[in-house]
Amino acid sequence: MSLRSIPTPTPGAAPATPAPGPLRRVGSVVVALIASLLAFLVAAIVLGAYLPSIPKAGVIGPVLGGQYPFHIAVIALLGVGLGVLARCSGLVRWGGTVTVVTALSSVGALTMGGIQFTAARQAGTEVSFGQVFSGLGYPDTTPDTTTTYAAPDGTALKADLYLPRKAPGRPAGTAPAIVLAHAGGFHTFDKSDLRGTGRWLADHGVAVVAVDYRLAAPGHPATRPGTTPRRTWSALSAGFSRTPSSTASTPPGSPWAACPPAAPSR
């Protein structure tokens with residue numbers, strides 16, 4: 001054997017990195033695929049929440065993004081970790097792209113959650129992170145009562161009522177109330193999506209009226225902004241009568257004047 005055929009290392013050069021084995025390559029691809037799936041889901045939800053005009057994503061984004069922003073942020077951060085792992089495993093471009101997408105999605109989700117937290121604090125409501133991740137876990141809850149509040153064109157529109165228990169220092173028979181209208185772009189979903197939210201609010205002293213409304217359909221398109229909400233408020237004002245025990249004070253001409261100001265406690 002000639003001495004010329006023996007490779008000699010170059011002074012100062014880094015040792016060659018051995019090529020990853022087939023098992024490691026398969027693992028890297030699996031990690032990248034999982035990260036890509038998470039990136040697609042969180043990006044679609046966050047984009048849909050901010051840009052509801054996007055088809056499909058604009059329907060589901062406001063629902064999930066509005067109700068579970070911190071959960072989505074956690075999933076996005078998991079995607080960031082998997083993206084970094086995929087990048088370090090040799091899938092540089094793939095892993096880098098996933099990392100950027102999931103990182104931006106986590107920022108968007110955390111921004112939504114921050115806005116909600118700020119609004120809650122400004123309203124004098126204290127919400128802990130423990131409540132955020134466990135407070136809405138009411139999978140089997142049912143409303144205290146369900147009633148029909150309107151029947152346009154013979155189609156019954158129903159409302160679920162979630163009533164709080166009497167709280168110390170509050171006059172008997174009254175409670176602050178809120179009306180919840182489900183998401184869905186006026187094309188899909190119904191009031192059952194609000195069961196967890198309604199029961200959680202009732203358990204914290206707020207009476208809830210979760211309503212169905214007439215969805216867009218042939219001959220009844222939801223094209224004019226505000227048309228369906230205005231009709232829903234009008235129907236609610238006609239379907240729910242004010243009670244003598246109501247103590248709410250509403251300024252004349254306020255758009256809330258048609259809303260039942262108080263609900264009986266249970």
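Read-outs: derived from the displayed coordinates by stated rules, not from any lab. For clarity, every value in this text was computed on a predicted model and none was experimentally measured. Cβ sites come from the backbone with ideal geometry, for glycine too, and all protein chains shown count toward neighbours.
Key figures for this structure:
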| read-out | value |
| --- | --- |
| Length released on extending from ARG121 to ILE54, taking residue separation times 0.36 nm less the Cα-Cα span | 21.0 nm |
| Inter-label distance for HIS204 and VAL132, nm, one decimal - labels placed 7 Å from Cα along Cα-to-Cβ | 1.2 nm |
| Placed amide H near THR174: partners under 5 Å, 5+ positions off or other chain | SER265 |
| At R0 = 25 Å, FRET efficiency that the Cβ-Cβ distance of LEU33 and VAL74 yields, to 0.05 | 0.80 |
| Label point distance in nm, ALA156-THR111, each placed 7 Å from Cα along Cα→Cβ | 4.4 nm |
